[in-house]
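Trainee: Dropping the structure in here first, questions after.
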Amino acid sequence: MTAAVATPLSAADRCDRCGAQAYVRVILPSGGELLFCAHHGRKHSAKLREVAIDIQDETDRLRAGSSS
């Protein structure tokens, strides 16, 4: 799932689990949203896919900045 027209996540968006920078936004059927860092987004991805109506995953931005 990918958000068609979503506001990009910024450094001000923080993971609801640990407070790190968020790279995943999960939209719930209630209209609420959850934000996760890459780690917690991966850790909970199976369950999130079951309950989300949309998932905006920007974790590819982490690889774009690496020079490995």
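Trainee: So residue 18 fits all but one of (1) closer than 20 Å to residue 6 by Cα; (2) surrounded by fewer than 13 Cβ atoms within 10 Å (Cβ to Cβ); (3) touching a helix residue (DSSP H, G or I) at 6+ places or on another chain (Cβ under 9 Å); what number is the exception?
Mentor: (1)
Trainee: Could you go through segment 43-51 and let me know if any residue there is acidic (Asp, Glu), at pLDDT 95 or above and either crowded, with 16+ Cβ neighbours inside 10 Å or outside any helix (DSSP H, G or I) (or both).
Mentor: The initial filter retains those residues of segment 43-51 that are acidic (Asp, Glu), namely 50.
So of that shortlist, the ones also at pLDDT 95 or above come out as 50.
In the following step, the residues that additionally are either crowded, with 16+ Cβ neighbours inside 10 Å or outside any helix (DSSP H, G or I) (or both) were identified as none.
Scanning segment 43-51, I find no residue that is acidic (Asp, Glu), at pLDDT 95 or above and either crowded, with 16+ Cβ neighbours inside 10 Å or outside any helix (DSSP H, G or I) (or both), so the answer is no.
The values are calculated or read from the model by the stated rules, or taken from the named source; none is laboratory data. All of these numbers come straight from a predicted model, not from anything done at the bench. Every residue, glycine among them, receives a Cβ derived from its backbone with ideal geometry; neighbour counts consider all protein chains shown.
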